[in-house]
Each structure stands twice: as C-alpha cells, then as structure tokens.
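The values are calculated or read from the model by the stated rules, or taken from the named source; none is laboratory data. Model, not experiment: these values are computed from the prediction. Glycine gets a Cβ as well: all are built from the backbone with ideal geometry, and neighbour counts include every protein chain shown.
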Amino acid sequence: MRKITTILVALIVLILSSARRTYAQTVSVQSAILNSGTDDTGFDYRVENLRKFLIKYNSPLVDYADEFVAYADENDIDYRLVPAITGVESTFGKRIPKDSYNAYGWANGNYKFSSWEDSIGHVSETLKRAYIDRGVVSIYQIAKVYAPPSNTWGRNVTFFVSKIDTLPLDFDII
C-alpha cells in the first residue's frame, strides 16, 4: 500500500510540475476579438469574396471590391449592403446611364458621379449618415425611404446580401 501511495504522489507531482498555467482572462480576451476579415498578412477575405461574386455577374465593379469593403468599414456598415443595392438597381453596374457611375438608382438614375470610387464612397456615407444614424437600420426600413413604393426592393437586396456572403450580418440590416 505504501508503494502505491508513493507512486501516486510521484505521479501527481510530475503532472503538476509539468502543467502550464492557463489564465482564463487571456483565453477569453483572445477569443472575444472580432474578426474584421483581415488576417496578419493584410488579406481580407471579404474583398476576395465580393470580387468572386461580382465576377459571376460579369460586373464592371469587379475591380472595386476593395473600395466597397473600405468604405463600408469607414462608415461602419455591412460590406454587402452597397454591392447588393447595385444588384437590384443596375444588375451590378451593367445597366446604368452612360458615364454616370450610378449603379444605385440614385435620384432615379438621374445623378452622375465622377467615378466608381466617388459613387461607392458617396452612397456608403449617405446610407450611414442619412439612414442608419437616423434609426433606419434594416433593409426593409431602408427600402421604404430609398425605393418607395417598391414592395420587392427590400427582399431583392436581402437576397443579394445573403448570396454575397452567407455569414451572419455584422449589423442589423435585415
């Protein structure tokens, strides 16, 4: 019996001496960090994800996927919202008034932007400032102001948002 007790004590000492301490605070802080989409190398899966999606639609906006993501981050909106609107309003920029860069149906299509970058920035900033910051936060609420009297706009934008990326939304826009 004494031999067994000695062996058990020795094993417990060995196990305890070789165990590393883990602090719950460190683990919880690390797991609580939100994924912005960018890894340590600067690669942002959202840009590639959006680029691949726009390629499927043969969109002239393919080369501006990084601008959609950058302006969305700058304005604290979901990166899928503005591209999804282009899907509904202009088949992702393919059906727009000549040289207008207006893929969003802005001013019923009668507004001309100076470039794709200008249009993406302007629409992203306006959605944040004039809609979301004023409590118009879901796609269906936005639809009532952005595209009245359409009964399908909200559903169609929601459809494209979910097709761009099936991950849960970062913001309450559905």
Can you tell me which residue within the range 40-75, out of those that are at pLDDT below 95 and in a loop (DSSP other than H, G, I, E, B), is nearest to ALA143 (Cα to Cα)? PHE43
Kindly indicate the residue of the range 142-160 that is among the polar types (S, T, N, Q) and either free of Cβ contacts under 8 Å to residues at least 12 places away in the same chain or touching a Pro at 6+ places or on another chain (Cβ under 6 Å) (or both) and also nearest to ARG80 (Cα to Cα) among those meeting that condition. THR152
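For the range 69-114, enumerate the residues that are on the phi > 0 side of the Ramachandran plot and not hydrophobic (A, V, I, L, M, F, W, C).
First, pick out the residues of the range 69-114 that are on the phi > 0 side of the Ramachandran plot: 76, 91-93, 99, 101, 105, 107-109.
Matches in the range 69-114: ASP76, THR91, GLY93, ASP99, TYR101, GLY105, ASN108, GLY109.
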Could you go through the range 82-91 and let me know if any residue there is farther than 18 Å from LEU54 by Cβ and in contact (Cβ under 8 Å) with a residue 12 or more places away in the chain. no
Looking at the structure I just gave you, is TYR71 among the hydroxyl-bearing types (Ser, Thr, Tyr) and in contact with a Ser or Thr (Cβ under 7 Å, 6 or more places away or on another chain)? yes
Looking at VAL161, VAL136, which one is in contact with an Asp or Glu (Cβ under 9 Å, 6 or more places away or on another chain) and closer than 22 Å to ASP73 by Cα? VAL161
Note: among ASN156, ASN108, just one is assigned by TED's automatic domain parsing to the domain that holds THR86, at pLDDT below 95 and not hydroxyl-bearing (Ser, Thr, Tyr), namely ASN108
Of everything in the range 47-91, what is under 13 Å from LYS163 (Cα atoms) and not aliphatic (A, V, I, L, M)? Give them in sequence order. ASN49, ARG51, LYS52, PHE53, LYS56, TYR57, TYR79, ARG80, PRO83, GLY87
Could you check the range 56-76 and list, in sequence order, the residues that are surrounded by fewer than 19 Cβ atoms within 10 Å (Cβ to Cβ), closer than 28 Å to ASN151 by Cα and not charged (D, E, K, R)? TYR57, ASN58, PRO60
